[in-house]
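Report on the structure given below.
The values are calculated or read from the model by the stated rules, or taken from the named source; none is laboratory data. All values derive from a computational prediction rather than experimental measurement. Note that we place each Cβ from the backbone using ideal geometry, even for glycine, and neighbour counts take in every protein chain shown. Protein only, heavy atoms only, side chains kept; ligands, DNA and RNA dropped before computing areas. Shrake-Rupley method; radii C 1.70, N 1.55, O 1.52, S 1.80 Å.
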Amino acid sequence: MSFLQAIFIAILQGATELFPVSSLGHAVIVPALLGWVISPQDPTFLPFIVMLHFGTMFALLIFFWKDWYALGRGVLGKDGQAIREQSVYIVMLLVIATLPAILIGALLESFIRQLFSTPGMVSIFLILNGVMLFSTEKLRNRSTPESSNSIADLTPKDALIIGCFQCLAFFPGLSRSGATMVGGVMRRLSYENSARFSFLLALPVIFAATIHQTWKIYHHNIAIENIGTIFIATIVGGLTALISTGILMKYFRNHETMALTPFSFYCIALGCISLIVSIF
């Protein structure tokens, strides 16, 4: 992977990570469509992608610093007992929703790496991602459930279900943010609150994955110039993700109906194009 290719993928990842379109799927499909000789099976590929996610983590931390600051103050009892109980409860929900990803991720990593080797397989999952988003939109509009006004309205069972939805993202082409948002919407959260919970939930998952993959970067003795490329790409991806987060939160704030439909059509179209190219 050249320096320019790494920067391109970093921008691509930062722009698509938080949108419900699977950044990992794009990182596999787009280079293949462009004819780049980049092997997803290379032992440094997954660590590189995870480090880009590390940049996204910092972007989320910066964008949602008020939420984390409020949670921290609340847990420490700085704002009264009622706020403390609510803050502790929200932290507990995040922990519960994170556990499935940690447990299943530890068991399925080798299987996931095998899936990376075929852009055709990723294309199929991207199509399924679009179908998932579209179906959720239709079911939500048909049942017209009342949307919760607060993440604190979730139950531990709701958090566990959302956490299980998040595990769908272990299949490249299925979006983590999309899956968790679908889980949140199905548990009667608004689109904006579903996105907010999804992004808060991303921090512990990305942090755990980064710690795990950092050892692999060291273990494979990556050349110093490649480490520099990874570092710069991480910063570029993080800045792109910061801009994308602002755009996406504003979008969901202003679109409480049919918000997922454009993303579903995009995923289905890109998946079909990529699948046709990979076949022929």
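State which residue pairs qualify: first residue farther than 20 Å from Phe111 by Cα and inside region 26-41, second residue modelled with pLDDT under 85 and not in a helix (DSSP H, G or I) in any location, beta carbons under 7 Å apart, and separation of 6 or more residues or different chains.
Pro31/Ile38
Identify, please: which residue in region 65-105 is among the polar types (S, T, N, Q) and farther than 18 Å from Leu168 by Cα and is, among those, surrounded by the most Cβ atoms within 10 Å (Cβ to Cβ)?
Ser87
With the requirement that a residue be hydrophobic (A, V, I, L, M, F, W, C), under 21 Å from Gln114 (Cβ atoms) and surrounded by 24 or more Cβ atoms within 10 Å (Cβ to Cβ), what does region 10-32 give you?
Leu24, Ala27, Val28, Ile29 - these are the residues of region 10-32 that are hydrophobic (A, V, I, L, M, F, W, C), under 21 Å from Gln114 (Cβ atoms) and surrounded by 24 or more Cβ atoms within 10 Å (Cβ to Cβ).
So which of Gly80, Gly72 ends up being free of Cβ contacts under 8 Å to residues at least 40 places away in the same chain and within 20 Å of Ala208 (Cβ to Cβ)?
Gly72
Only one residue in Thr56, Thr44, Thr136 is modelled with pLDDT under 90 and open to solvent by 30 Å² or more (accessible area, probe 1.4 Å), so which one is that?
Thr44
Out of all the residues in region 189-215, which are open to solvent by 10 Å² or more (accessible area, probe 1.4 Å) and among the hydroxyl-bearing types (Ser, Thr, Tyr)?
Once the filter is applied, which keeps residues that are open to solvent by 10 Å² or more (accessible area, probe 1.4 Å) and among the hydroxyl-bearing types (Ser, Thr, Tyr), region 189-215 yields Ser190, Thr214.
Which condition number does Ser87 fail, the rest of (1) among the hydroxyl-bearing types (Ser, Thr, Tyr); (2) over 18 Å from Met249 (Cβ atoms); (3) modelled with pLDDT under 90 being met?
Here Ser87 meets the rest and fails (3).
With respect to the numbered conditions (1) touching a Pro at 6+ places or on another chain (Cβ under 6 Å); (2) of a type outside the set (Asp, Glu); (3) modelled with pLDDT of 90 or more, which one is the sole condition not fulfilled by Ala10?
Only one criterion is unmet by Ala10, namely (1).
Have a look at Asn226, Asn254 and point out the one that is surrounded by fewer than 18 Cβ atoms within 10 Å (Cβ to Cβ) and under 26 Å from Gly55 (Cα atoms).
Asn226
Which residues, taken from region 139-157, are modelled with pLDDT of 65 or more and either under 15 Å from Gly184 (Cβ atoms) or open to solvent by 70 Å² or more (accessible area, probe 1.4 Å) (or both)?
If the condition is that a residue be modelled with pLDDT of 65 or more and either under 15 Å from Gly184 (Cβ atoms) or open to solvent by 70 Å² or more (accessible area, probe 1.4 Å) (or both), then Leu139, Arg140, Arg142, Ser150, Ile151, Ala152, Asp153, Leu154, Thr155, Pro156, Lys157 are the ones that fit.
Does any residue of region 177-188 turn out to be surrounded by fewer than 20 Cβ atoms within 10 Å (Cβ to Cβ) and of a type in the set (Lys, Arg)?
Within region 177-188, one or more residues are surrounded by fewer than 20 Cβ atoms within 10 Å (Cβ to Cβ) and of a type in the set (Lys, Arg).
Just give me the residues in region 112-130 being open to solvent by less than 70 Å² (accessible area, probe 1.4 Å), in a helix (DSSP H, G or I) and either touching an Asp or Glu at 6+ places or on another chain (Cβ under 7 Å) or modelled with pLDDT of 75 or more (or both), in sequence order.
Selection gives Pro119, Gly120, Val122, Ser123, Phe125, Leu126, Ile127, Asn129, Gly130.
If you take just the helices (runs of 4 or more DSSP H) that sit entirely in region 167-280, which of them hold at least 2 residues that are modelled with pLDDT of 85 or more and within 21 Å of Leu108 (Cβ to Cβ)?
Result: 176-186, 191-219.
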